[in-house]
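Read through the structure below, which is laid out as structure tokens, and then see the notes.
Every number in this text was worked out from the coordinates using simple rules, so none of it is lab data. What you are looking at is a predicted structure, and each value in this text was computed from that prediction instead of being measured. As a convention, Cβ positions derive from the backbone with ideal geometry for all residues, glycine included, and neighbour counts pool all protein chains shown.
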Amino acid sequence: MAPQRSIAVAWKYVKKEGSEVICQLCGHTFTATLTRVVDHLLCISNGNGGGVEGCQGISDAQKDDVRKDYEKTKAERGKREIKRQRIMREINMSSSSSIPGFSSNVCGSSSTPSKTGGTTTLNAFWKPVERQEVNIAFAEMFYACAIPFNVARNPYFKAAISKAAAFGKGYVPPGSEALRTSLLRKTKERVTNRLAEIKESWTTTGCTILSDGWSDSCHRPLINVLVYSPRGIYFVKVVDAMDHMKTA
């Protein structure tokens, strides 16, 4: 799914030439984004477009047309962003609640005892030395294995720790052989079944197609294509947008 060019009025005054555009009113050539095109047409020298040269051939009526349309475009973009953020919050909440045994109060993160995690919380309070040793063990594992620090915020990581703590003393984590064979097959089967359930729900609940732009380590523009529904988020594919113009 290639990104579509903005239909803002400003674009009808420029012509694309490779990675640049040529103003059809004055002939000026510059690298194009919608903001830069608008700054050029409205002769805004210190705007967000990075100081592009102003257009010498645009009339006051055309400027007014571009200005009104751009304000409308920004307002619509703001509404879409608010909707996207609301959907992403719902997705995050759904992801956390869908993991069995996951709780934000894992490993005594609360300062007060609770009915479900009172023992763990009291241990964290009354055994500061032992707790520190456990923290150091986790830290050394992250450092030695070059595990990204944001893994500590991953709900699956927290769920695994919670289940291991609930199992009690004597639990031994799976070895490398089990992780790459039997457990991998079982996990793949569970994920496949979960995705099938999500797709089946679309005909009943409806769904929303989302696109999320980002850049990889080589600064290549990429677009994630996803489908959101009340049953969960579904990843479709990633699109390489290197050959397409960024207009917003």
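Results, tabulated for the structure shown:
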| read-out | value |
| --- | --- |
| Equivalent ellipsoid semi-axes - Cα gyration tensor, the stretch 171-248, angstrom | 31, 22, 9 |
| Local electrostatic count at Asp69 - Lys and Arg +1, Asp and Glu -1, tallied over other residues with Cβ under 13 Å | +3 |
| The stretch 164-209 - convex hull of the alpha-carbon atoms, volume per residue in Å³ | 127 Å³ |
| Taking the stretch 9-94 and dividing mean pair separation by its residue count, relative contact order in percent (alpha carbons under 8 Å, at least six apart) | 21 percent |
| Theoretical FRET efficiency, 1/(1+(r/R0)^6), r = Cβ-Cβ of Phe235 and Ser182, R0 25 Å, to 0.05 | 0.50 |
| Dipole of the stretch 9-94, positive direction: furthest Cα of Gly78, Phe30, Met88, with charges on the beta-carbon | Met88 |
| Theoretical gain in end-to-end length, Ile161 to Val134 [0.36 nm per residue, Cα-Cα removed] | 8.5 nm |
| Computed lengthening from Arg77 to Phe149, 0.36 nm per intervening residue step minus Cα-Cα distance | 22.6 nm |
| Principal axes of the stretch 133-184: Cα extent on each, largest first, Å | 28, 24, 20 |
